[in-house]
1. I'd like to verify a number: residues in segment 85-104 that are assigned to a helix (DSSP H, G or I) and more than 16 Å from the chain's Cα centre (by Cα), how many?
2. Looking only at segment 48-63, count every residue that is farther than 22 Å from Ala23 by Cβ and either surrounded by 11 or more Cβ atoms within 10 Å (Cβ to Cβ) or in contact (Cβ under 8 Å) with a residue 40 or more places away in the chain (or both) and tell me the total.
3. Within segment 64-104, take every residue that is touching a residue at least 60 places away in the same chain (Cβ under 8 Å) and of a type outside the set (Lys, Arg) and give me the one that is farthest from Leu11 (Cα to Cα).
4. I need a count of the residues in segment 28-47 that are surrounded by 13 or more Cβ atoms within 10 Å (Cβ to Cβ) and at pLDDT 95 or above.
5. Run down Val7, Val82 and say which single residue is in a helix (DSSP H, G or I), among the β-branched types (Val, Ile, Thr) and modelled with pLDDT of 95 or more.
6. Can you name every residue in segment 33-73 that is of a type in the set (Ser, Thr, Tyr), more than 16 Å from the chain's Cα centre (by Cα) and assigned to a helix (DSSP H, G or I)?
Amino acid sequence: MKSTNEVEKQLARKADAYLLQKAKEMIAIRKEIEQFLDIDPSFIDYIKDYRGYRQASQDDKRNYVGYNDQSTTQNKLRDELVENFKERLVKKYTADLLAKLDSF
């Protein structure tokens, strides 16, 4: 029987894999749109300060935009997903696992 710590690490790795896959899917959607529009940008624009971007005049909006290559953007998306969802995802996986164990 594996220790609780080992199981928790496995569930955390499962959450990491899930969130990485979702980040890859987000990049794939972007690539699909780029192909549809027949464009091939070198860098991906992203809003780095949404509140400032929203409040800025149309001329100043570019001051709140950053640029990354696709790999860096994918990592940024993954990091944001991990920051926002990993802890809750591991809790959900744990609850699902415990429910399965209780059914035995």
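The values are calculated or read from the model by the stated rules, or taken from the named source; none is laboratory data. It should be emphasised that the depicted structure is a prediction, and the values quoted were computed from it without experimental measurement. Ideal geometry is used to build each Cβ from the backbone, glycine not excepted, and the neighbour counts take in all protein chains shown.
1. First, the residues of segment 85-104 that are assigned to a helix (DSSP H, G or I): 85-102.
Adding the requirement that they be more than 16 Å from the chain's Cα centre (by Cα) leaves 91-102.
Summing the residues that are assigned to a helix (DSSP H, G or I) and more than 16 Å from the chain's Cα centre (by Cα) in segment 85-104 gives 12.
2. Step one: filter segment 48-63 for residues farther than 22 Å from Ala23 by Cβ, giving 51-52, 54-63.
Imposing the further condition that a residue be either surrounded by 11 or more Cβ atoms within 10 Å (Cβ to Cβ) or in contact (Cβ under 8 Å) with a residue 40 or more places away in the chain (or both) reduces the set to 52, 55-56, 60-61, 63.
Within segment 48-63, residues that are farther than 22 Å from Ala23 by Cβ and either surrounded by 11 or more Cβ atoms within 10 Å (Cβ to Cβ) or in contact (Cβ under 8 Å) with a residue 40 or more places away in the chain (or both) number 6.
3. We begin by selecting, within segment 64-104, every residue touching a residue at least 60 places away in the same chain (Cβ under 8 Å); these are 81-82, 85-86, 89-90, 93-94, 97.
If we keep only those that are of a type outside the set (Lys, Arg) too, we end up with 81-82, 85, 89-90, 93-94, 97.
Details: Leu81: 16, Val82: 13, Phe85: 13, Leu89: 9, Val90: 6, Tyr93: 7, Thr94: 7, Leu97: 9 Å.
Looking at residues that are touching a residue at least 60 places away in the same chain (Cβ under 8 Å) and of a type outside the set (Lys, Arg), I get Leu81.
4. Number of matching residues: 0.
5. On the way: Val7 fails: modelled with pLDDT of 95 or more.
None of the others qualify; the one that does is Val82.
6. Start the filter on segment 33-73 by keeping residues that are of a type in the set (Ser, Thr, Tyr), which leaves 42, 46, 50, 53, 57, 64, 67, 71-73.
In the following step, the residues that additionally are more than 16 Å from the chain's Cα centre (by Cα) were identified as 42, 50, 53, 57, 64, 67.
Of everything in segment 33-73, those that are of a type in the set (Ser, Thr, Tyr), more than 16 Å from the chain's Cα centre (by Cα) and assigned to a helix (DSSP H, G or I) turn out to be Tyr50, Tyr53, Tyr64.
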